[in-house]
Amino acid sequence: MTTATPLPSCPAAGSAVVLFSGGQDSAACLAWALERFERVETVGFAYGQRHDVELEARQGVLEALRAGFPAWGQRLGADRVLDAGVLGQISDTALTREAEIAYDERGLPNTFVPGRNLLFFTLAAALAQRQGIRHLVAGVCETDYSGYPDCRDDTIKALQVALNLGMAERFVLHTPLMWLDKAQTWELTEALGGEALVDLVVERTHTCYHGERSRRHPWGYGCGACPACRLRAEGWRRYRGLG
């Protein structure tokens, strides 16, 4: 399993597909991939999420990357948004309906969408197989996360085995943020693209579960109260040495 490593002196041969939601973590992973591969395609998923503003944010991030980082822009390939609406049809979660965020008896938040990452990786692998691409990159993380079981390293390792067996391929699932907390994710972002990339992430990405884009904080836009906003804000404070 790939984790964050020193930046290469030149991009590796080959291509990658980045699972790109439009949020902070996937934007950092996209930059990570653009440093490492000659060609990078992106894929997003419309699954009935209540914070579907993230789908609009995706395009803003891609446009800003092309404009502000020409070398990366030359490596950016096709972007697709796939219909994964079946998740919204079968899920009863705070991300797919209007509901207060709460936790169940197992400690799982009701923002957990069962099967989401499993389906996303499967769809991305099917797309990559058609394109002749074997590298998949995603921003799942076991260090600073909301307790989602499909973000765990063991889950991704098992899924890599299953995809390779089921498709007779040799996919590599890269998770650059797996062992990074949010402060370290900000640090990685700065290491990849300097303050310009940090500013891009602040201004362009969207992570808030409530889809709030009218409130601007030092770390970006959001309600400031949902778990995603609180995690992002706390990481920003530690990254900036604010306590």
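A search for C-beta distances below 7 Å between a residue of the stretch 124-152 that is in contact (Cβ under 8 Å) with a residue 60 or more places away in the chain and closer than 16 Å to GLY77 by Cα and any residue that is part of a helix (DSSP H, G or I) and among the acidic types (Asp, Glu), counting only pairs 6+ apart in sequence or on different chains, returns nothing. In the set THR189, THR205, only one residue is at negative phi and in contact with a Gly (Cβ under 7 Å, 6 or more places away or on another chain); that residue is THR205. The residues of the stretch 32-48 that are out of contact with any strand residue (DSSP E or B) (no Cβ under 6 Å at 6 or more places or on another chain) and over 11 Å from ARG75 (Cα atoms), listed by number, are TRP32, TYR47, GLY48. Does the stretch 195-214 hold any residues that are modelled with pLDDT under 95 and loosely packed, with under 15 Cβ neighbours inside 10 Å, and which are they? Matches in the stretch 195-214: SER214 only.
Going through the stretch 51-83 one residue at a time, which ones are assigned to a loop (DSSP other than H, G, I, E, B), modelled with pLDDT of 65 or more and either within 16 Å of the chain's Cα centre (by Cα) or not hydrophobic (A, V, I, L, M, F, W, C) (or both)? Don't jump to the end; show me each part of the working.
Step one: filter the stretch 51-83 for residues assigned to a loop (DSSP other than H, G, I, E, B), giving 51-52, 69.
Of the ones still in play, those that are also modelled with pLDDT of 65 or more are 52, 69.
Matches in the stretch 51-83: ASP52 only.
Would you confirm whether any residue within the stretch 218-226 is without any contact (Cβ under 8 Å) to a residue 24 or more places away in the chain, more than 18 Å from LEU19 (Cα to Cα) and not in a loop (DSSP other than H, G, I, E, B)? Within the stretch 218-226, one or more residues are without any contact (Cβ under 8 Å) to a residue 24 or more places away in the chain, more than 18 Å from LEU19 (Cα to Cα) and not in a loop (DSSP other than H, G, I, E, B).
Criterion first (within 24 Å of ASP79 (Cβ to Cβ), in contact (Cβ under 8 Å) with a residue 12 or more places away in the chain and within 16 Å of the chain's Cα centre (by Cα)) does THR205 satisfy it?
On the way: within 24 Å of ASP79 (Cβ to Cβ): yes; in contact (Cβ under 8 Å) with a residue 12 or more places away in the chain: yes; within 16 Å of the chain's Cα centre (by Cα): yes.
So THR205 fits the description; yes.
In this entry, THR185 passes the filter for residues that are in a helix (DSSP H, G or I), in contact (Cβ under 8 Å) with a residue 40 or more places away in the chain, closer than 30 Å to ALA71 by Cα and not basic (Lys, Arg).
Can you tell me how many residues in the stretch 140-180 are part of a loop (DSSP other than H, G, I, E, B), farther than 26 Å from ARG130 by Cβ and out of contact with any strand residue (DSSP E or B) (no Cβ under 9 Å at 6 or more places or on another chain)?
Total satisfying the criteria: 9.
Identify, from the list GLY14, GLY88, GLY23, the residue that is at pLDDT below 95 and surrounded by 20 or more Cβ atoms within 10 Å (Cβ to Cβ). It would help to see each step written out before you state the result.
Working: GLY14 fails: surrounded by 20 or more Cβ atoms within 10 Å (Cβ to Cβ); GLY88 fails: surrounded by 20 or more Cβ atoms within 10 Å (Cβ to Cβ).
Only one candidate qualifies: GLY23.
The values are calculated or read from the model by the stated rules, or taken from the named source; none is laboratory data. Just so it is clear, the model here is predicted, and its values are computed rather than measured. In this analysis, Cβ positions are derived from the backbone assuming ideal geometry, glycine residues included, and neighbour counts consider all displayed protein chains.
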